[in-house]
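Colleague: Have a look at this one before I ask anything.
FYI, it's all coordinate maths here, none of it is from the lab. It should be emphasised that the depicted structure is a prediction, and the values quoted were computed from it without experimental measurement. Note that we place each Cβ from the backbone using ideal geometry, even for glycine, and neighbour counts take in every protein chain shown.
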Amino acid sequence: MNLSKIKWLGISLILLSSCSDKDDNKIDNPDGPQGSGSMQEMTPEESKEYLQNTATEFLNLFNPQDQKQVFELAAYYSSEFGDLEAPEEFELDPDGYNRTPAPYLKALGQAAKGDLDGLTRAAYTYTFTVNFDKFTGVYEPNTREELWVKTGNSKDIVFKFSNKSGQPVELKVSQSGGTYDFDFSVIDGDEEWGNGNRDEYEVEYKYYLSIPKNVTVTLIENGKELANSTVISSINIDGHKMSAEVNATLMNLKAIAKVDGNDSKVAANTEFFVSGEKVATSYATINGNNICNNKKYQSMEDMDDEELYAELAKMFKSGDCGGDVLGKVQVYGQIEYYKALPEDLDEYWDNYDYDSKAQAQAACQKVCDRLNKNVKAQLRYNNTVTNQATIQFTPYMYQWGGDSEWEYYVTANLLFPDKTTYNIESYFDRFTNVANKWNSLWSAYNKLWKSTCGI
């Protein structure tokens, strides 16, 4: 097991964040937290130990037994009802989205394993329906016909089934406050062959949607509520404004997420809790033009890369994001968008395009200079303003086939106060204690899953 699932503590937050270059100690972000006070600058090894201890403390908050009841229910549902077809009434949904309990329970299972974002995914599972009223009713499994059948009327969407012990389980989706009604079109290209000729044509798919203003999802097993989520949304298509608030709980896990947006700015904030304790927060803002203009995005569907990058540069101007883990590790930042940014992040320079390594390295360095100017990040501890590390982009050469095959590409590094630099991925690969803890936790969850589902 590699460290990919715990590197978010360092790598993901750093790569997704950046900081203002106006002041080395000031974060130009009115939406995110502001540090105060200072602390001693750490060496790379001291930072490594501090981050390892914080990551271990975070992982220790998760106990597989806390979510055992959800695992057992999800496993039994998967084996007994997971392959059942959606009710015939659901064929009214033109997008064909699977709205049986399967995706909801899958998302809850991922959240129980420590993927806290699974809580918000579970909350959104039943939010965007074509028309809520067309799906209402009580549905129960018919294993002989291998589908869910409607057995009663209801103003809600209700799925009823039994757990392994024969006890009743109910997944209920309720709406309130009315709906937001709108339509949109998607143009897609297609082709068909006839008489050896290929005919290309465009197809327009038009969707009429009703989005409930308030949605509540509850999962109850034998009278005990295992999960609950609410989504409160506000959408103004013509006014190019939107907002949403999500509150989701799964046993002892809880997530709260809020997003507000208009054409010039979209801001999102998320908080995660374990057993009532706030363990992590994140925020992100995007500034620009036409950000919430759906027609603008539709007009960009057929653009080539050059046109698309130019249009994106007009739309997106800058962004801020960051995060906090246990009040001990913070990452703040800012990014200034420019036309070549998508290409710069995916570009490489090799022996096929350049006569010498020096030329390729120089070309790569120009891109690194642009990234270092526009994409920045700071790593801080204990909510202070002391920078423990910043991000730095530099050329990296990969060589094979002796000296004849080589390429340069951009790599992200951590720059520490003592001017020592480490490749970000390599630095976090040294977190052996965290890897061992993660492997132990992952193994415990796997054993619980195998014991409940038998595989």
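Colleague: May I ask you to list the GluC sites (Glu not before Pro) in region 215-314 that are in a DSSP loop and have at most 16 other Cβ atoms within 10 Å of their Cβ?
Modeller: Of the GluC sites (Glu not before Pro), the ones in loops of region 215-314 whose Cβ has at most 16 other Cβ atoms within 10 Å are E301.
Colleague: Hey, fewest Cβ within 10 Å first, where do V70, V169 land in order? Working shown, then result.
Modeller: Details: V70 22, V169 18.
Lowest count first: V169, V70.
Colleague: How do Y76, Y398 rank when sorted from fewest to most other Cβ atoms within 10 Å of their own Cβ?
Modeller: Working: Y76 20, Y398 12.
Ranked by crowding around the Cβ, least crowded first: Y398, Y76.
Colleague: Also: Counting residues in region 212-274 as N, plug N into 2.2 N^0.38 Å and put the Cα Rg over that result.
Modeller: Dividing the Cα radius of gyration by 2.2 N^0.38 Å gives 1.35.
Colleague: Using alpha carbon coordinates only, what is the Rg to Rh ratio of region 248-365, with Rh defined as the Kirkwood radius?
Modeller: Radius of gyration relative to Kirkwood radius: 1.13.
Colleague: So what J values fall out for region 347-354 if you push phi through Karplus, 6.51 cos²θ - 1.76 cosθ + 1.60 with θ = phi - 60°, rounded to Hz, Gly and Pro as x?
Modeller: Coupling constants for region 347-354: 8, 8, 10, 10, 5, 7, 9, 10 Hz.
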